[in-house]
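Step one of this worksheet: look at the structure below.
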Amino acid sequence: MQQRSDHSGAGAPQADVAVEVVGLHKWYGDFYVLRDINLKVARGERIVICGPSGGGKSTLLRCINRLEDWQRGRVIVDGVELTEDPKRILTVRRDVGMVFQHFNLFPHLTVLENCTLAPIWVRHMPKREAEALAMTYLVRVKIPDQVHKYPARLSGGQQQRVAIARALCMNPNIMLFDEPTSALDPEMKKEVLDTMVELAADGITMLVVSHEMGFARQVADRVIFMDDGQVVEVNEPKNFFDQPQHERTRMFLKQILN
Amino acid sequence: MSAIGGEFRVRGAAAHAGVFGWLRANLFSSPANAALTLVCILAIAWIAPPLIRFLFLDAVWSGEGRDACLASIAQPHPGACWAFVRVWFSYFVYGSYPMGERWRVDLFFLALALGVVWLSWLSAPRRDVGAGYFFIALPILSFVLLHGAPLIGLAVVPTALWGGVLVTVVVAAIGMVFSLPLGILLALARRSDMPVVRLFAVAFIEFVRGVPLITVLFMASVMLPLFVPERLAPDKLLRALIGVALFASAYMAEVVRGGLVAVSRGQYEAARALGLTYWRMMGLVILPQALGVTLPNIVNTFIGLFKDTTLVFVVGIFDFLRTIEAARADPKWTAPTTTVTGYVVAALFYFVCCYGMSRYARSVEARLARAGRR
């Protein structure tokens with residue numbers, strides 16, 4: 001913790017704020033990907049970001065662990081302001097888990113090795129300890145008997161659950177989910193969403209880019225609607241679905257619920 | 001495709017109808033196939049008998065000089081002059097390495113063979129120790145053995161006396177051992193975010209690829225002494241070794257780059273999102289996949305390199321092929337068949353080595369595929 005405050009350039013870290021995004025702009029030439037995004041995520045808060053594709057949701061998510069850079073604005077994660085400084089970027093990434101649309105498991109490593117790689121090489125954990133840790137998470141995502149298989153032998157839903165376990169093995173404070181179920185068949189969606197619901201019950205901070213409105217209703221503290229690189233609407237799930245404030249939100253919901 | 005289909009049919013047909021069924025299913029399954037089979041049989045019938053006659057039946061197996069291999073009434077059509085190979089064999093292997101010190105070369109061959117087997121046998125015990133042995137202990141041991149170390153009583157043997165298979169193996173081994181890591185570094189540099197690093201890599205790779213190996217070797221051996229006093233110039237063999245290694249690394253860089261491109265962006269992102277540093281990401285996630293994908297091309301480059309080692313003769317180094325050239329010029333053995341016999345030996349040696357590498361690569365590929373990694 002004290003290391004984190006060393007790296008923070010922005011005053012004292014606020015203990016109750018997990019992610020703070022201030023005036024974030026990103027553009028390529030004339031094309032704006034993100035326009036003036038302001039967002040404060042409290043610790044333990046669960047946020048679902050939805051909106052039409054190309055609206056900047058994934059880009060915003062990927063700014064939080066700096067897989068994307070930006071032209072203007074600030075992103076502060078757990079009190080560490082992300083800058084060009086590689087040390088800060090690594091500090092944040094070690095603290096933020098990420099789950100991708102296409103799982104991105106390492107195909108040359110077994111399920112267990114996928115999960116122990118970062119604990120061993122980033123956290124410098126002894127191998128046995130890392131394996132024990134990985135097993136507890138693999139049991140939680142219900143893959144305990146497939147740990148010595150290679151990812152290609154697993155179904156999509158199983159792969160995504162392994163990806164969740166892999167991220168959890170770093171004991172992150174914040175989890176980012178970038179469309180975790182949109183590459184999956186309906187029945188596999190359910191097993192992944194169930195895992196995410198369980199995770200949400202543990203009180204970890206979650207930012208989820210997803211069109212799973214059922215999940216948003218059940219789990220989210222706030223739903224964010226993004227379009228055209230802007231945050232159009234931020235609302236509690238009940239209000240968001242039942243009486244959306246903006247015309248664009250209404251249109252989007254109508255399309256997606258049909 | 002057809003090989004796989006063929007295998008299928010072999011099993012099915014063999015069970016039913018024995019040899020004839022097998023022949024019909026595999027060699028005469030269609031008019032086109034039958035025609036090709038006949039052409040191949042004719043070609044074999046045309047080539048094989050004279051070859052067997054020359055290499056074995058009419059061959060001269062022993063003798064002390066050219067007379068044994070010349071045409072005479074007793075042997076109107078003398079075949080391969082194996083007597084010549086028998087007499088010159090140790091020269092082909094050691095070059096002019098002093099007789100009394102040749103056990104050192106044998107020991108080097110043994111140590112190298114141990115390292116190669118240890119590393120290439122994928123289920124060998126303690127392959128990490130094997131890698132340490134191969135990349136650290138073996139080079140030091142080889143240098144001490146081959147070059148000599150007066151401190152421990154091994155006389156220095158100047159590289160001008162080295163020759164034959166010894167030189168070919170040394171040049172090829174050094175080329176392979178250095179070109180792979182250098183090629184990886186160059187490939188990474190070429191994809192780097194840092195413009196200066198990228199520029200250097202591109203300039204080096206494109207320059208070396210744009211120049212024949214012979215030119216590199218000439219530059220190393222002829223031009224270098226023009227700038228550096230002869231006394232300070234490095235050893236001739238060493239210069240050639242450096243030239244070959246740098247040359248091969250430029251090609252290897254392009255091969256590795258092909259593998260890096262084949263690894264999806266998602267792999268880089270997943271590795272970065274876990275907080276891996278650049279080098280850990282490359283070493284643990286990206287390169288193992290990239291090198292696996294591109295293994296056939298790496299071995300292809302190695303095979304090319306192995307054969308390119310013959311070019312060191314242009315700067316006066318007696319590699320295996322050059323020792324055969326030298327031997328066949330010996331007036332004591334001037335006979336029409338000695339030259340051909342020498343070249344047969346050379347072809348056999350290069351073929352066995354290259355085919356071995358190729359088979360090994362195939363078996364590793366099959367193993368990777370079986371592991372379900374692809």
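The values are calculated or read from the model by the stated rules, or taken from the named source; none is laboratory data. Only a predicted model underlies this, so the values are computations on that prediction, with no experimental measurement involved. Quick reminder, even Gly has a Cβ in these numbers, built from the backbone with ideal geometry, and neighbours come from all protein chains shown. These accessible areas exclude ligands, DNA and RNA; they are computed on the full protein's heavy atoms, side chains included. Shrake-Rupley method; radii C 1.70, N 1.55, O 1.52, S 1.80 Å.
Brief remarks on what is shown
- Once backbone amide H atoms are built at 1.01 Å from N, A:GLY73 has A:HIS25 as its partners under 5 Å, excluding neighbours fewer than 5 places away on the same chain.
- Taking every alpha-carbon pair under 8 Å whose residues sit at least 6 apart, segment B:38-148 reaches a relative contact order of 18 percent.
- Shown in residue order for segment B:142-155 are the 3J(HN,Hα) couplings computed by the Karplus curve 6.51 cos²θ - 1.76 cosθ + 1.60 at θ = phi - 60°: 4, 4, 4, 5, 7, 7, x, 9, x, 4, 9, x, 9, 5 Hz (x for Gly and Pro).
- Each Lys and Arg Cβ is given +1 and each Asp and Glu Cβ -1; about its Cα centre, chain A then shows a dipole of about 380 debye.
- The charge dipole of the protein assembly as shown, taken about the Cα centre with unit charges on the Cβ atoms of Lys, Arg (+1) and Asp, Glu (-1), comes to about 940 debye, rounded to the nearest 20.
- Taken over the C-alpha atoms, segment B:89-370 has Rg and Dmax values of 20.8, 72 angstrom.
- Per residue solvent-accessible surface (Å²) - chain A, probe of 1.4 Å: 45
- Only lysine pairs 8 or more places apart, or on different chains, with alpha-carbon atoms under 21 angstrom apart are counted in the protein assembly as shown, and they number 12.
- Amide H contacts of A:ILE174 (H built 1.01 Å from N, under 5 Å, at least 5 apart or other chain): A:GLY97
- Dipole of chain A, positive end: most advanced residue of A:HIS124, A:THR83, A:GLN245 [Cβ charges, Cα centre]: A:HIS124
- A:MET98 contributes about 10 Å² of solvent-accessible surface, heavy atoms of the protein only, 1.4 Å probe.
- Diffusion coefficient, µm² s⁻¹, Stokes-Einstein with Kirkwood Rh over alpha-carbon pairs of the protein assembly as shown at 37 °C and 0.692 mPa s: 109
- With at most 15 other Cβ atoms within 10 Å, longest stretch of chain B clear of loop GluC sites (Glu not before Pro) (DSSP): B:65-229
- Projecting the Cα atoms of B:VAL93, B:SER142, B:LEU284 onto the dipole axis of segment B:89-370, where Lys and Arg carry +1 and Asp and Glu carry -1 at the beta carbon, places B:LEU284 farthest toward the positive end.
- Per-pair calculated FRET efficiency, R0 = 60 Å: A:GLN243 and B:CYS354 via Cβ, rounded to 0.05: 0.20
- Under the simplified labelling scheme, the B:CYS40-B:PHE207 pair shows an inter-label distance of 4.9 nm, with each label point 7 Å from Cα along Cα→Cβ.
- Here is the list for segment B:76-171: trypsin sites (Lys or Arg not before Pro) lying in DSSP coil, each with at most 10 other C-beta atoms within 10 angstrom of its C-beta, are B:ARG126.
- Segment A:145-258: relative contact order in percent, alpha carbon pairs under 8 Å with at least 6 residues between: 18
- For segment A:49-147, with +1 on Lys and Arg beta carbons and -1 on Asp and Glu, the positive-most of A:TYR137, A:CYS115, A:THR59 along the dipole: A:THR59
- Entry comment: accessible area of segment B:126-206 is 51 Å² per residue, from protein heavy atoms only and a probe of 1.4 Å.
- Per-residue accessible area (protein heavy atoms, 1.4 Å probe) orders A:ARG222, A:ARG128 as A:ARG128, A:ARG222, starting from the largest.
- Heavy-atom accessible surface that A and B bury in contact, both chains counted, 1.4 Å, Å² to 100: 2100
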